[in-house]
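Have a look at the structure below before the remarks.
The values are calculated or read from the model by the stated rules, or taken from the named source; none is laboratory data. Not measured: the values here are computed from a predicted model. Glycine also receives a Cβ, built like all others from the backbone with ideal geometry; neighbour counts cover every protein chain displayed.
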Amino acid sequence: MFTPAFFTTALLYLGYILIFPGFLFCFVIGLLLCGIDRKAVARMQKRVGPPILQPFYDFFKLCGKETIVPAAASRTTFMLAPLVGLAALVVIQLFIPVFNFRVFRNLPEVADMIVILYLLLIPAVSVMLGGAATGSPYAGIGLSREMVTVLAVELPLVMVLLSVAKAVGNELGTGLVFSLSGVVDYQAAHGSLIGHISMIPAALAMLLIIPGETGNHPFDAAEAETEICEGLLAEYSGAPLGIYKLSHAVKMLTLTSLFVALFLGGIGTGVEHLVAAVGLTGAVAGAVSLILQVLILVLLCIVLTLVTISFVHAVTARLKIEQLFKYYWTVVTGLALISLVLAWYGF
Amino acid sequence: MFKKLIEESTGKSPWLFHINAGSCNGCDIELVSVLTPRYDAERLGFKLSGTPRHADIVVVTGPVTQQSLARVLRTIEQVPEPRCIVTMGSCPQSGNVFRGSYAIAGPLSKYVHVDVDVAGCTPKPEAVIDGLVKATEILREKRRAMK
Amino acid sequence: MDFPFVKEALSSLFKKSSCDMYPIKPSEAAPNYRGRIVFHPDKCINCMMCERVCSGSAITHTSEQTPEGELITRTFYLGSCTFCATCMDFCGHGAIEFTRDYHMIATKEEDLMVSGTFLKKPPVKKPKPAAPAAPKAEAKPVTPAAAAGTVIKPRDDGKPVQVPSKCVYCTICAKKCPAGALEVDRAAKTWTLNEDECVACGTCAEACPKKAILMPGDEPVTVEAAAPAAPKAETKPAAPAAAAGTVIKPRDDGKPVQVPSKCVYCTICAKKCPAGALEVDRAAKTWTLNEDECVACGTCAEACPKKAILMPGDEPVTEGAAAPAAPKAETKPAAPKAEEKPVEPPKPRDDGRPVQDPSKCVYCTICAKKCPVGALEVDRAAKTWKLDEDLCIGCGNCALVCPKQAILY
Amino acid sequence: MSMLSYQHFPIYAIMLYFLGAFLIVLFGKNKIARHCLALLSVTGSLALLVSLVPRVMTGGEIITYWMGNRAYSGGYAIGIALEVDALSLFFALLVAVAVFVSGVYSIRYMEHDDNIPQYYTLFLMLAGGVMGLVLSGDLFNMFIMVEILTFAAVALTAFRNTARGALEAAFKYLVVGSIGSTCILAGTIMLYAQVHTLNFAQLSGLIPGHIHGATRVAFALLFVGFSTKAFLVPFHPLAADAHGAAPASVSVLISGVLTKSGIYGIIRLVYFLFQTMNLRPIQFMLVFVGSVSMFVCVTMALAQHDFKRLLAFHSISQIGYVLTAVGLSTALGISAGLYHAMNHTIFKGLLFLAAGAVLHETGTTDLDRLGGLSKRMPHTTVLFLIGAASISGIPPFNGFASKWLIYQAAYLRAVETGNIGYLLVTIIALVTSTLTLASFVKVSQSVFFGQLPDEFKDVKEVPFGMRLAMSLFAILCVLTGLLPDLVTKVLTGPAAQAVLNPVRYIAAARGIEVPAETAALPQAAGAWSPINWLLLLGISLFAITLVALLGKYDRVSENASAETLPAKYDLFFSGEKSVYSQVGGGDLFWGFKYNWRHYFSFMHDLHSGIVNDYALWAVVALALAIAFLQIVL
């Protein structure tokens, strides 16, 4: 069984996990997005704002800091929770296709949309368990608010995914398409889903969900540094805190790239035609189109971050937790419901 | 290489934690004004943090009253290494006009080694930025000194 | 759900940031910003005013005796300074200066100490400086009685000029002069003006009771023959309590004379006298005038409520005619109405204190309330009205406020 | 047929339990004898049933066993038959596993209680009752087994009669339980009056043709009877009281096994006896009851202050899931439902055992008093977390596998029928799963994390026996989570096939072999391969930990001395010394509770806790069922 082919594929997949859509890619692009977000918010407040690489400095500084484990904390959960959270997040990134590049092209698909929805729960639960393990009352309140935020975001997110599955199912006539790559393939062939009437409210709802899911400004009641001293992360310092900040940044990347995969899948095909028009063929064409597509993805993610996270951060004030819950379960769910019903009756 | 990178970024992303030890709020609003668009300390990486656990630089304002002494010392102790203590204004440095009163527990330097003092009864924001930049240099040395 | 800052947020994305980029572009403090202290030791006279007024008690000094004098080092501890610059205001000699330098960052305490040392030589015993007066003496020994009829015009350079005839050398102008430029010697009757010190403010002219100093803009005065300034040497003893019927004439040397019969010894004249030459003792009912102190300004006469002081130019008063009080006291004729004794209205008391008229008084206690020193006790129920003698200052306020005019003063 | 051939295994399984119960009454005083007898009977029946799996499940054979050897003669089945098809064996396996693990657990758990022999007798009676119900092929025999298990369960609920509310809970359970049993009895009698036979297979053959007035009433009676056993919506407060007071090992049986017997009864009734699942209203009835109990119970669970009552409400909400899935009447739906029933028995058993461990050590299960136990009881915490993760549907564990299949089935059903109601059901299912996660985050914060109160300072870890039982369940949780395809192929697939074509069941009773057509296994629309995912997670986690350890991640400054607590390692209390201030129990999820305050106050009034209300609801439910079925059938 240890044939050379096995080794090359093993190496390839190791590369996928550690380099491209995996750890390194998430690390760099995630922190980049976070830096751009902080810079944009500052510019909107007519400030100069930190350098784009500021999150990198923050991360490496935190790695250099001393980690204090409070006496009341249970040590193993305190140390392990950040690692598990980050690992789960990186794995989710593997499942999100980059236009027509997929990590599991020939293997049976590992996870579809509903599964990704639940995989997104693991980082949230890891933060909560980590915070709860410290035993601080601030973390207790942070945990209560984080869970209500997760509850609030879950309903509309589910509806958005169901409506996308139904809409693509209608078009392909197979009733339902749960697999994300199926959705992207459809969009590659028939143009981005955002073009459909029924998908516009869903896309809007998804845009409103991104800041909520990542816990950014208006919806960061769980990590409100003014009211409950950074809530769940009140007792964290040093490397674990750095990993939590990193997973927060990677989550921004994951959600924006999920949005791109769900609604803007069609943009990738343009690159194919371009590469073909230029006359490149074979492996070179593949590599060039891949690089171009990755660039487009990163650009789209940056634009999405600017629109959904930075702009909303600069313009709004932090919501109370019950306002947040009511906002998500009425306004955003309404939008998602509209598209669900539209998709249902075959528009 | 990695150690040098950490050292470099320790200087570049200092997070502040502000302790008001009975100040008249003159220095407090001046410290916060440092983060406003006109002076924008965030340009240099400064950020106010909610808990001492996340802090690198502790900024103390006010003449350290009897009531606040124990709390100030406890909070400072909860800040992880490498840390810097910056006193802002004359009060923490000498007790200023309140010196000798029964209510204040004397200058902060009696209890804790103060790294940088920004003098001025409400120092100008530019002076505060100078003080904080000086503190980041000290932070960098402390980080280099750590094993 | 309104979002007020959407327009600003978007537009400021493309505008230049309103940030001063401080560490890169240095910024200067405001013009008279009170920053770091600079101490000029040479100007300091160690009057220690600054130490006394400093609220943060930031200024200390140490001194050590050295053969040449006292070596004093004064240190300003900026760490305890509130930068209020009170010391700069109080320092008469401008030894303390607040610069615009606000960079006061210190890692060790010494950086905040500003100090300076200077030598303070002991004060040298200079002979009594007769100098300024001397040169003037021989030039104009005694202002001769200007010949009658000469015209004195105010000076054109704005400085005051004296009208010797009117001047009584009361030295008020000298006392009032802010610049200390006038020297008036009562004994030598000399009026010298220190030209360079004088600031031509005109205070002396205003203060002069006799309008004997002319300032530009007053009309010139011609000296009449009548009132030679020569001092009457002999001093007239205090006018004895003139017997009834004697005529009291105003004195010719211009000083005031008392009319004992009218005088109530209210001591107002003593209080008003600018030169403090009058002494009036209420208890002993004595009125003594200090001849040489008296400047014959006449203020006592004007202030006297009873017109019991005569100045030159008033008509003489014959005693006994109108003076009812003192002499009739002992020859009290058997008052015809004594035995059926109707309650005749009480007479106002002579020592200036109020007296109550029981018939009119309704015991409303307003007088007690209005008395500034609380000398009156009035009990509505028991209908009693008691005056505390030594507390009462005879201001007459109770009489004034009494609604029933039941108090005579 | 020799005594040892596989034909006799079903009756042996049942008899082992009853025999064990009987022998323990005799020799129960001696501790070792008691334990041996209990373990022997429990493991014996499990072994027998497992040996049947290849033959019945994959082989597709249906074993019929006539008691007293009175086979089918002259068109009427006089003797009592045991008929074991894939469905029965599936449920039997569930029962056997749960009873086995609970038996191992209760050896150490019940040490400190008195009159333990009676406990084991009742325990084994209950097990035998359920096993009999599940394996029997005769309707009246099912009623008898229902009677046995109800009374055993009532007695076990009141076993610790000193516990607060135990007797009252047992009384309530007795009242409503007997209402249910009488409904089943009445239904059976009415059916017998119609078709003069009690054999299940023969009934299934005759009734579909004779559906008129009386049979409709019988249908309603049987349906309501079995739903009382399964504690569905109108009867769910019973479960909360019963679990609240019963010892943990009994709660495992009640929630893991007893409720499944109710579901088994309903499946038999709907798919076999009346074969009416092709009628839309019947599907609507099942799905409606399922979703209502799913949502109501999870919101009630979120508001609970007691650990075991919270778990009780959750078991009803999971049963709601199972019923909804079964109500979809598609191959995928039924297999997902059965899969979830199995998973529920496993992770709910684990959670109840964890609750028992907490009760055993601290003496209380009140969420507002507990806290920070993870420092004292690390193993129980880890096992609890595995159980909590699986019930709330966190991917690698088994809860997620079955819930994910249920969402697929519901949504596919919605697409097939085009009826938007199923869409609503899918969304309710997804939201309920998140609410379950919320309540278990609440439990983990209030019981295991947060601050340790002083009264529980000297709490020790649970004895090894209990931990062994819990880890058995935990291993099962992980295994069934990681191999959904294997489970579907071996266990739930054949069971779903058996449910969908009752003809084989009917024919088997007559001894006619109907070849099982190899219908395709239910194909899920989505894709989920947990093993690959776990592999990826493992590699990525390994990489991250490696990098972290290189960066001296574990070089941490700890609190050296235990007695003195230097300020540095004290919690950040805004400068103050940290005092005991546990945030747990009622303080959590204010945002959610505030927004739903009207709903919660309405629910609060509804659950009055008075027996007459529950009895009233039972009767109202019966009346509704009868009326509904008259119109519909």
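The residue pairs whose first member lies in the range A:298-312 and is without any contact (Cβ under 8 Å) to a residue 60 or more places away in the chain, whose second member is hydrophobic (A, V, I, L, M, F, W, C), and whose beta carbons are closer than 8 Å, counting only pairs six or more residues apart or on different chains, are A:Leu300/A:Val260; A:Leu300/A:Leu264; A:Leu300/A:Ile267.
Taking the residues in the range C:104-121 that are touching a residue at least 40 places away in the same chain (Cβ under 8 Å) and of a type in the set (S, T, N, Q) as candidates, determine which candidate is farthest from the other protein chains (Cβ to nearest Cβ). Walk me through it before giving the result.
Step one: list which residues in the range C:104-121 are touching a residue at least 40 places away in the same chain (Cβ under 8 Å), which gives C:104, C:114-121.
In the following step, the residues that additionally are of a type in the set (S, T, N, Q) were identified as C:115, C:117.
Details: C:Ser115: 15, C:Thr117: 22 Å.
Out of the qualifying residues, it is C:Thr117.
For residues in the range D:55-71 being loosely packed, with under 15 Cβ neighbours inside 10 Å and hydrophobic (A, V, I, L, M, F, W, C), which is farthest from D:Gln7 (Cα to Cα)? Reasoning before the result, please.
Within the range D:55-71, the first condition is being loosely packed, with under 15 Cβ neighbours inside 10 Å, and the residues that meet it are D:58-59, D:67-71.
If we keep only those that are hydrophobic (A, V, I, L, M, F, W, C) too, we end up with D:67, D:71.
Values: D:Met67: 11, D:Ala71: 14 Å.
Per the criteria, the residue is D:Ala71.
Only residues that are among the small types (Gly, Ala, Ser), more than 18 Å from B:His54 (Cα to Cα) and either more than 9 Å from chain B (Cβ to nearest Cβ) or touching a Cys at 6+ places or on another chain (Cβ under 6 Å) (or both) were counted in the range A:36-71, giving 1. What do you reckon, is A:Thr77 in a helix (DSSP H, G or I) and under 30 Å from A:Val183 (Cβ atoms)? The answer is no for A:Thr77.
Would you confirm whether any residue within the range D:570-583 is more than 30 Å from A:Leu246 (Cα to Cα), more than 10 Å from chain A (Cβ to nearest Cβ) and of a type in the set (Gly, Ala, Ser)?
Taking every residue of the range D:570-583 in turn, none turns out to be more than 30 Å from A:Leu246 (Cα to Cα), more than 10 Å from chain A (Cβ to nearest Cβ) and of a type in the set (Gly, Ala, Ser).
Of all the numbered requirements in (1) out of contact with any strand residue (DSSP E or B) (no Cβ under 8 Å at 6 or more places or on another chain); (2) assigned to a helix (DSSP H, G or I); (3) under 26 Å from A:Ala88 (Cβ atoms), D:Pro396 misses one, and that requirement is (2). Looking across the range A:293-327 at every residue that is more than 10 Å from chain D (Cβ to nearest Cβ) and aromatic (Phe, Trp, Tyr), the one that is farthest from A:Ala249 (Cα to Cα) is identified as A:Tyr327.
The residue that is farthest from C:Lys43 (Cα to Cα), counting only those in the range C:88-103 that are within 14 Å of another protein chain (Cβ to nearest Cβ) and either assigned to a helix (DSSP H, G or I) or out of contact with any strand residue (DSSP E or B) (no Cβ under 7 Å at 6 or more places or on another chain) (or both), is C:His103.
Residues considered: B:Ser94, B:Ser49. Of these, the only one that is free of Cβ contacts under 8 Å to residues at least 24 places away in the same chain and in contact with a strand residue (DSSP E or B) (Cβ under 8 Å, 6 or more places away or on another chain) is B:Ser94.
Name the helices (runs of 4 or more DSSP H) wholly within the range D:524-633 that hold at least 1 residues that are without any contact (Cβ under 8 Å) to a residue 40 or more places away in the chain and exposed (fewer than 14 other Cβ atoms within 10 Å of the Cβ)? I'd like the intermediate steps shown before the answer.
Working: elements: D:530-550, D:590-595, D:597-606, D:611-632.
Output list reads D:530-550, D:597-606, D:611-632.
Being small (Gly, Ala, Ser), assigned to a helix (DSSP H, G or I) and more than 10 Å from every other protein chain (Cβ to nearest Cβ) narrows it down to one of A:Ala139, A:Ala189, A:Ala132, so name that one. Working first, answer last.
Values: A:Ala139 fails: more than 10 Å from every other protein chain (Cβ to nearest Cβ); A:Ala132 fails: more than 10 Å from every other protein chain (Cβ to nearest Cβ).
The conditions single out A:Ala189.
Would you mind finding the one in D:Leu46, D:Leu89, D:Leu52 that is under 22 Å from the mean Cα position of the chain (by Cα) and surrounded by fewer than 23 Cβ atoms within 10 Å (Cβ to Cβ)? Step by step, each of D:Leu46, D:Leu89, D:Leu52 is checked, and only D:Leu46 is under 22 Å from the mean Cα position of the chain (by Cα) and surrounded by fewer than 23 Cβ atoms within 10 Å (Cβ to Cβ). Evaluate the range C:39-48: report whether one residue or more is under 23 Å from B:Asp117 (Cα atoms), at pLDDT 90 or above, buried (at least 19 other Cβ atoms within 10 Å of the Cβ) and more than 10 Å from every other protein chain (Cβ to nearest Cβ). Checked the range C:39-48: at least one residue is under 23 Å from B:Asp117 (Cα atoms), at pLDDT 90 or above, buried (at least 19 other Cβ atoms within 10 Å of the Cβ) and more than 10 Å from every other protein chain (Cβ to nearest Cβ). If D:Glu558 satisfies all but one of (1) within 14 Å of another protein chain (Cβ to nearest Cβ); (2) modelled with pLDDT of 90 or more, what's the number of the condition it fails? Exception for D:Glu558: condition (2). Taking each residue of the range C:68-86 that is within 11 Å of another protein chain (Cβ to nearest Cβ) and outside any loop (DSSP other than H, G, I, E, B) and looking for partners that are surrounded by fewer than 16 Cβ atoms within 10 Å (Cβ to Cβ) and modelled with pLDDT of 90 or more with beta-carbon atoms closer than 7 Å, six or more apart or interchain, yields C:Tyr77/C:Met113. The conditions of being within 9 Å of chain A (Cβ to nearest Cβ), at negative phi, in contact with a Leu (Cβ under 6 Å, 6 or more places away or on another chain) and in a helix (DSSP H, G or I) are not met by D:Val441.
Listed by position, the helices (runs of 4 or more DSSP H) inside the range A:197-287 whose residues that are charged (D, E, K, R) number at least 2 are A:239-263.
The set of residues in the range D:463-490 being buried (at least 23 other Cβ atoms within 10 Å of the Cβ) and either aliphatic (A, V, I, L, M) or free of Cβ contacts under 8 Å to residues at least 12 places away in the same chain (or both) consists of D:Met466, D:Ala469, D:Met470, D:Ala474. Taken as a whole, the structure places D:Glu83 among residues that are among the acidic types (Asp, Glu) and crowded, with 21+ Cβ neighbours inside 10 Å.
Annotation note: of D:Leu430, D:Leu373, the sole residue that is at pLDDT 90 or above and either more than 8 Å from chain A (Cβ to nearest Cβ) or within 19 Å of the chain's Cα centre (by Cα) (or both) is D:Leu373.
Say we look at the range B:46-73 and pick out the residues that are buried (at least 21 other Cβ atoms within 10 Å of the Cβ) and over 13 Å from the mean Cα position of the chain (by Cα); which of these is farthest from the other protein chains (Cβ to nearest Cβ)? Per the criteria, the residue is B:Val64. For D:Phe384, indicate whether it is touching a residue at least 40 places away in the same chain (Cβ under 8 Å), closer than 27 Å to D:Val459 by Cα, more than 10 Å from every other protein chain (Cβ to nearest Cβ) and touching a Phe, Trp or Tyr at 6+ places or on another chain (Cβ under 8 Å). It is true that D:Phe384 is touching a residue at least 40 places away in the same chain (Cβ under 8 Å), closer than 27 Å to D:Val459 by Cα, more than 10 Å from every other protein chain (Cβ to nearest Cβ) and touching a Phe, Trp or Tyr at 6+ places or on another chain (Cβ under 8 Å). Taking the numbered list (1) surrounded by fewer than 22 Cβ atoms within 10 Å (Cβ to Cβ); (2) part of a loop (DSSP other than H, G, I, E, B); (3) within 12 Å of another protein chain (Cβ to nearest Cβ) in turn, A:Phe178 passes all entries but (1). Which residues, taken from the range C:360-386, are part of a loop (DSSP other than H, G, I, E, B) and at pLDDT 85 or above? Those that are part of a loop (DSSP other than H, G, I, E, B) and at pLDDT 85 or above: none in the range C:360-386. Scanning the range C:57-67 for residues that are within 14 Å of another protein chain (Cβ to nearest Cβ) and in a strand (DSSP E or B) gives C:Ile59, C:Thr60. Would you please name the residue that is farthest from A:Gly130 (Cα to Cα), looking only at residues in the range A:201-222 that are surrounded by fewer than 24 Cβ atoms within 10 Å (Cβ to Cβ), more than 13 Å from the chain's Cα centre (by Cα) and not aliphatic (A, V, I, L, M)? Checked the range A:201-222; the qualifying residue farthest from A:Gly130 (Cα to Cα) is A:Pro201.
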